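Notes follow the structure.
The values are calculated or read from the model by the stated rules, or taken from the named source; none is laboratory data. Owing to the predicted nature of the structure, the values given are computational and were not obtained by experimental measurement. Positions of Cβ are generated from backbone atoms using ideal geometry, with glycine treated the same way; all protein chains shown enter the neighbour counts.
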């Protein structure tokens, strides 16, 4: 009996303790429900950070998405255009690495971090004269440009463009070009007898001379009915330089480890790209051209984005470089009131060797690739001058026109830049840039026996339309993200005046005449 009692006592004690705990927790739970103290206790806590930042990010890693989001906010915090242009080309903003915590065990830690930044700051440099047969497909991809044949769907604005005395203008332009070609042909014939020059050099000279002659004639003749030409700026041999980032091209970044001989890498699917192009002639205005297509609907979002299946080297693109561009150029100095492009003219004479060495089709593709890359870069640099970039995307489209010629054949392009967020995949950014283009159109057939034979009136009409298309005010702020804006060219007196301050001698002011 004593043994049985000894075994039962602990059980009874356990039951009493368990019952007490149950009553305690039940009472505590009722108190929490009754007074609802949880809300008051959490008021001082910061909000929970979401996995992804605001916006659409597709398949991007959430940590890397936050880095792009932070870079956007960093750019938006810079109040002026000049500051943003400088920031775009800083190595830290190109590398976009995860900065390691300070390692006091490494005596040269800052130098080690700089090595990581230098390694990740790679730039793919596009060559204007790439003669690879697949270069057109690659240039479409890196600029995210959808090519639209002019004969199938030209911009509606050219349909509604009305010109006075078109036939008379065509005849005058025809006569002017005829006189110019005959004079140049005679001049070159005489020069060849005195100097040694190759046929290629003569063709380039004739092309540049024809570009100047056509530009000067149309600017002067059309200015009466199209006053925007009186206020425009005309330049020759203009350099355009642009910088952007494109999704789908691998870029390696070194990870920080204490042992400098141990190599660990991260790979991201965006690559920074730079392009230097030359426009033989350029016409600019203080107002932008009207948009050709709605940016939010239609062709801008319905057309399939271009794609590539292989590495860039398969398309004739060389290895990446670590040489960062020194500046971004839109064909003028920052602060020039005429900051929007109207018409750009580019000589394509260098592509003739492609036709001889590869094929005529490859030569045509190379010329078109030159046109879309140069025009995209021109508009990208113009967008940078408005405060936009690959970090801060456009809020409206920018448009421009480009004429490609070898002195006899012409191709006309109308380009609309819709987006610079090319570093996002297609699921995150469905918007594409649009480029309408004509087929190559002959201006004339030949110059023989002192005559220019078989002028093409359609080519002459396209030349007139490109120069006649007038820019206009968009009706909204073109620099919506810039807080420090220079005075408007429409209201500011751009010609500095010499202010004459009358000097009064103290004694003379009391003299009565």
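Could you pull out the residue among 288, 306 that is part of a loop (DSSP other than H, G, I, E, B), within 29 Å of residue 390 (Cα to Cα), under 18 Å from the mean Cα position of the chain (by Cα) and at pLDDT below 95?
306
Considering (1) surrounded by 16 or more Cβ atoms within 10 Å (Cβ to Cβ); (2) in contact with a strand residue (DSSP E or B) (Cβ under 6 Å, 6 or more places away or on another chain), say which one residue 252 fails and leave the rest.
Failed condition: (1).
Within segment 262-281, which residues are outside any loop (DSSP other than H, G, I, E, B) and farther than 26 Å from residue 141 by Cβ?
Residues satisfying the conditions are 280, 281.
Exactly one of these conditions fails for residue 293: (1) in contact with a helix residue (DSSP H, G or I) (Cβ under 8 Å, 6 or more places away or on another chain); (2) in a helix (DSSP H, G or I). Give me its number.
So residue 293 meets the others, but not (2).
Do any strands (runs of 3 or more DSSP E) entirely within segment 392-511 hold 3 or more residues that are farther than 20 Å from residue 81 by Cβ, in contact with a strand residue (DSSP E or B) (Cβ under 8 Å, 6 or more places away or on another chain) and modelled with pLDDT of 95 or more, and if so, which?
The strands (runs of 3 or more DSSP E) meeting that bar are 398-405, 409-417, 433-437.
For residue 272, all conditions in the list (1) more than 24 Å from residue 338 (Cβ to Cβ); (2) surrounded by fewer than 22 Cβ atoms within 10 Å (Cβ to Cβ); (3) touching a helix residue (DSSP H, G or I) at 6+ places or on another chain (Cβ under 7 Å) hold save one; what is the number of the exception?
Single failed check for residue 272: (2).
Being in contact (Cβ under 8 Å) with a residue 12 or more places away in the chain, within 24 Å of residue 299 (Cα to Cα) and out of contact with any helix residue (DSSP H, G or I) (no Cβ under 8 Å at 6 or more places or on another chain) is true for just one of 413, 379. Which residue is that?
Of the residues listed, the single one that is in contact (Cβ under 8 Å) with a residue 12 or more places away in the chain, within 24 Å of residue 299 (Cα to Cα) and out of contact with any helix residue (DSSP H, G or I) (no Cβ under 8 Å at 6 or more places or on another chain) is 379.
Would segment 313-322 turn up any residue that is surrounded by 17 or more Cβ atoms within 10 Å (Cβ to Cβ), part of a loop (DSSP other than H, G, I, E, B) and either touching a strand residue (DSSP E or B) at 6+ places or on another chain (Cβ under 8 Å) or without any contact (Cβ under 8 Å) to a residue 24 or more places away in the chain (or both)?
There is at least one residue in segment 313-322 that is surrounded by 17 or more Cβ atoms within 10 Å (Cβ to Cβ), part of a loop (DSSP other than H, G, I, E, B) and either touching a strand residue (DSSP E or B) at 6+ places or on another chain (Cβ under 8 Å) or without any contact (Cβ under 8 Å) to a residue 24 or more places away in the chain (or both).
Within segment 368-391, work out how many residues are assigned to a helix (DSSP H, G or I) and either in contact with a strand residue (DSSP E or B) (Cβ under 7 Å, 6 or more places away or on another chain) or within 26 Å of residue 133 (Cα to Cα) (or both).
Here the count works out to 16.
Would you be able to say whether some residue in segment 71-78 is at pLDDT 95 or above, surrounded by 13 or more Cβ atoms within 10 Å (Cβ to Cβ), part of a helix (DSSP H, G or I) and in contact with a strand residue (DSSP E or B) (Cβ under 7 Å, 6 or more places away or on another chain)?
Scanning segment 71-78 turns up no residue that is at pLDDT 95 or above, surrounded by 13 or more Cβ atoms within 10 Å (Cβ to Cβ), part of a helix (DSSP H, G or I) and in contact with a strand residue (DSSP E or B) (Cβ under 7 Å, 6 or more places away or on another chain).
Based on this model, can you work out whether residue 296 counts as free of Cβ contacts under 8 Å to residues at least 24 places away in the same chain and on the phi < 0 side of the Ramachandran plot?
Considered against the rule, which asks whether it is free of Cβ contacts under 8 Å to residues at least 24 places away in the same chain and on the phi < 0 side of the Ramachandran plot, residue 296 comes out as yes.
Quick check on my filter: what residues within segment 216-233 are under 20 Å from residue 180 (Cα atoms) and surrounded by 17 or more Cβ atoms within 10 Å (Cβ to Cβ)?
Across segment 216-233, the qualifying residues are 217, 218, 219, 221, 222.
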